[in-house]
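Here the structure comes first, spelled out in structure tokens, and everything after it is commentary.
The values are calculated or read from the model by the stated rules, or taken from the named source; none is laboratory data. Note that the structure is predicted; figures quoted are calculated from it, not measured. A quick note on method: Cβ atoms are made from the backbone with ideal geometry, for glycine too, and the neighbour counts reach across all protein chains shown.
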Amino acid sequence: MSQRTARPRTGAPTGLDLYDKTAQDAAATVIARYSTSFGLACRLLGTRPRPHVRNIYALVRVADEIVDGPAEAAGLSPEAAGRVLDELESETLAAVERGFSTNLVVHAFCRTARECGIGEDLIRPFFASMRTDLSTHRHDDASHDAYVYGSAEVVGLMCLQVFVNAGAQRPLTPDPALVEGARRLGAAFQDVNFLRDLDHDASALGRDYLGLGAGASTREAVLDRIDADLAAAAAVVPRLPPDCRRAVTAAHDLFAELSARLRAAPDATERVRVPDVVKARLAARALLGFAPRDVRA
């Protein structure tokens with residue numbers, strides 16, 4: 001029997017179920033290749049939200065790669081990269097509307113978006129921030145806040161939609177306190193990464209997201225803002241569904257550790273990292289059900 005006419009094994013998914021599973025596997029591969037830390041936290045999610053969060057991350061990662069180097073390395077000009085990003089946004093919005101895409105990563109995301117209530121109000125700001133990377137090289141306080149909302153806070157809100165709605169008959173609107181916590185956790189993650197990647201962003205990408213030394217902010221003020229955001233997010237973790245709390249705690253504590261290390265090494269020339277043994281300890285702490293770390297202690 002030829003490969004074209006071969007039937008799936010008995011009990012194996014077929015049709016749309018097989019396509020959905022293949023798309024989810026593609027999304028899982030993206031997160032496994034690109035982020036060991038996020039992948040570790042994701043494994044602490046319950047089976048209900050886990051594939052959906054992977055689907056969100058995969059789309060975010062692909063969009064980020066369009067503006068952060070691989071597209072340029074493939075020979076695309078900023079204008080061409082912008083057109084590719086526009087095409088990805090259009091395909092994503094269309095797929096969410098119709099429930100199908102020939103792009104496996106987009107298909108995985110659209111199935112999550114339809115089930116969990118992720119709409120244009122979150123998708124468009126994300127792509128708007130990605131588009132900013134092609135044209136804005138130095139940010140002030142206002143443009144920083146707008147960028148962080150689209151690039152990080154809405155991703156936290158997408159994940160919150162999953163936490164609340166995955167497996168539900170119809171999507172519900174999350175509690176406002178959880179919305180605020182998701183936004184502030186996303187903002188803290190982004191600002192930590194800005195500080196970690198300060199030299200790389202300036203030298204390799206020609207970008208300054210924080211405007212340090214240009215009157216927009218100071219390093220100490222950014223770290224204080226990060227810790228305030230982490231504390232606000234930690235306060236609402238107990239209100240999340242039980243199958244999400246451990247993963248969010250692990251991610252929170254990892255970035256709290258990064259914030260502490262950044263504060264302790266203001267002149268570090270290498271990217272600040274958390275050793276694997278410390279990551280494992282933080283994950284174990286979260287797995288045992290401890291509350292998020294108090295960054296003010």
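Within the stretch 247-288, restricting attention to residues that are over 23 Å from the mean Cα position of the chain (by Cα) and either modelled with pLDDT under 90 or not in a helix (DSSP H, G or I) (or both), which residue is nearest to Val237 (Cα to Cα)? Before the answer, list the steps.
Filtering the stretch 247-288 for residues over 23 Å from the mean Cα position of the chain (by Cα) gives 263-270, 277, 288.
If we keep only those that are either modelled with pLDDT under 90 or not in a helix (DSSP H, G or I) (or both) too, we end up with 265-270, 288.
On the way: Ala265: 29, Pro266: 30, Asp267: 33, Ala268: 32, Thr269: 34, Glu270: 32, Leu288: 15 Å.
The residue in question is Leu288.
Report the residue count in the stretch 210-235 for those that are assigned to a loop (DSSP other than H, G, I, E, B) and surrounded by fewer than 18 Cβ atoms within 10 Å (Cβ to Cβ).
Narrowing the stretch 210-235 to residues assigned to a loop (DSSP other than H, G, I, E, B): 210-211, 213-216, 218.
From the residues that got through so far, the ones that are surrounded by fewer than 18 Cβ atoms within 10 Å (Cβ to Cβ) too are 211, 213-215, 218.
So the count comes out to 5.
Among the helices (runs of 4 or more DSSP H) contained in the stretch 59-152, which hold 3 or more residues that are within 15 Å of the chain's Cα centre (by Cα)?
Values: elements: 70-73, 78-98, 104-116, 120-132, 141-148.
By residue number, 104-116, 120-132.
Residues in the stretch 250-278 that are surrounded by 16 or more Cβ atoms within 10 Å (Cβ to Cβ) and over 22 Å from Arg184 (Cα atoms): how many?
Final tally of qualifying residues: 0.
List the pairs whose first member sits in the stretch 5-27 and is part of a helix (DSSP H, G or I) and at pLDDT 95 or above, whose second member is among the polar types (S, T, N, Q) and exposed (fewer than 14 other Cβ atoms within 10 Å of the Cβ), and whose Cβ atoms are under 8 Å apart, counting only residues at least 6 apart or on separate chains?
Sorted first by the residue in the stretch 5-27, then by its partner, the list stays empty.
Condition test on Asp243, is it assigned to a helix (DSSP H, G or I), touching a helix residue (DSSP H, G or I) at 6+ places or on another chain (Cβ under 8 Å) and touching a residue at least 40 places away in the same chain (Cβ under 8 Å)?
On the way: assigned to a helix (DSSP H, G or I): yes; touching a helix residue (DSSP H, G or I) at 6+ places or on another chain (Cβ under 8 Å): no; touching a residue at least 40 places away in the same chain (Cβ under 8 Å): yes.
No; evaluated as a whole, the condition is false for this residue.
Determine, yes or no, whether Pro238 is more than 19 Å from the chain's Cα centre (by Cα) and either in a loop (DSSP other than H, G, I, E, B) or of a type outside the set (Val, Ile, Thr) (or both).
Yes.
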